[in-house]
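Okay, structure first, notes after.
We did not get these values from a lab; they are worked out from the coordinates using the rules stated. These numbers come from a predicted model, not from an experiment. All Cβ positions, even for glycine, are placed from backbone atoms using ideal geometry, and neighbour counts span all protein chains on display.
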Amino acid sequence: MKIRIQDLEVRNLEFEHQFQAGEIDFGSEVRQVGVLQTDGRAELIREHHGGNKSIEDIRLVGKLDGRIEVSCARCLEPVEIPISRSFDLLYRPLESERGSDEVAINEAETEIGYYSGEGMELEDSLREQILLAVPIKTLCRYDCKGLCVTCGANRNEQVCGCEQGKPDPRWAALGDLKNKLQ
């Protein structure tokens, strides 16, 4: 869904949309499960920067609800995660930052995103919000045993016959030191 500056000059844009799985590309690590529901509004905010210069920012306020699927960090089995999140985002035209190689910014400006051209896509903002909501390390369950390092079997489902206690020979010197200290 395209959010265009010329439409926002006339009135705020209210949106309520359902995105089916596959409509938004989250990359290879995250997969949408079912419908992603979003609603909110987009509005134009004019910032005056001295004289006749003004910058047209887009403020995007809303919420999203849906489910995504990621791989367990230990056993690689799919894990479904509910996502429910509100957002209040500010986007500034990329062209407003041109003309200077290095710019000092304050803490408030770190929260600003950028758009180029005549507007932005709602899907891009939703993708960003969902990817930010994904935990860094997801486990299928707290006591997940993961994969066998030798044969690759899922140790939650089967016991493999691989020798688990065999130490890495590169650590032998530390093992000798430990034995001498005891």
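In the chain, the longest principal axis of the Cα atoms and the axis of helix 172-181 are about 70 degrees apart. Place +1 on the Cβ of every Lys and Arg and -1 on the Cβ of every Asp and Glu in region 1-93, take the dipole about the Cα centre, and give the residue among G22, S71, M1 whose Cα lies farthest towards its positive end. Highest projection toward the positive end goes to M1.
If we count every other residue with Cβ under 13 angstrom of L147's Cβ, Lys/Arg +1 and Asp/Glu -1, where does the sum land? Taking every other residue near L147 into account, the sum is +1.
Taking a sphere under 14 Å around the Cβ of N156 and counting the other residues whose Cβ falls inside, with K and R at +1 and D and E at -1, yields a net charge of +1.
Counting every other Cβ atom within 10 Å of each residue's Cβ, K63, K180 order from fewest to most as K180, K63. For region 141-182 versus region 11-55, the inter-centroid distance based on Cα atoms is 47 Å. For the chain, what relative contact order do you get, as a whole percent, if you take Cα pairs closer than 8 Å and at least 6 residues apart? Relative CO of the chain lands at 19 percent. Using only side-chain charges placed at the Cβ, +1 for Lys and Arg and -1 for Asp and Glu, the dipole size of the chain relative to its Cα centre rounds to 1120 debye. Of the residues T38, T138, T150, the one that moves most in a GNM of the chain with alpha-carbon contacts below 10 Å is T150. Ignoring aspartates and glutamates fewer than eight residues from K53 along the same chain, the ones with Cα atoms less than 16 angstrom from its Cα are E95, E97. Put in order of Cβ neighbour count within 10 Å, fewest first, the listed residues M1, M120 become M1, M120.
For K178, the aspartates and glutamates whose Cα falls under 18 Å of its own Cα, not counting residues fewer than eight places away in the same chain, are D168. Charged neighbours of I24, selected by a Cβ distance under 10 Å, balance to -4 (K, R count +1; D, E count -1).
A viscosity of 0.692 mPa s and a temperature of 37 °C, combined with the Kirkwood radius over Cα pairs in Stokes-Einstein, give a translational diffusion coefficient for the chain of 159 µm²/s. The GNM of the chain, with springs linking C-alpha atoms under 10 angstrom apart, assigns the highest mean-square fluctuation among A153, A133, A42 to A153. For the chain, a Gaussian network of Cα nodes joined below 10 Å ranks R127, R141, R92 by mean-square fluctuation, and the top entry is R141.
Which value in deg cm²/dmol, rounded to the nearest 500, describes the helix-derived mean residue ellipticity at 222 nm for the chain, given -39,500 (n - 2.57) per DSSP H run of n ≥ 4 and division by the residue count?
The helix-only estimate for the chain comes to -4500 deg cm²/dmol at 222 nm.
Against the longest principal axis of the chain, how steep is helix 122-133, in degrees 0 to 90 to the nearest 10, with axes from Cα atoms? Tilt relative to the chain: about 30 degrees.
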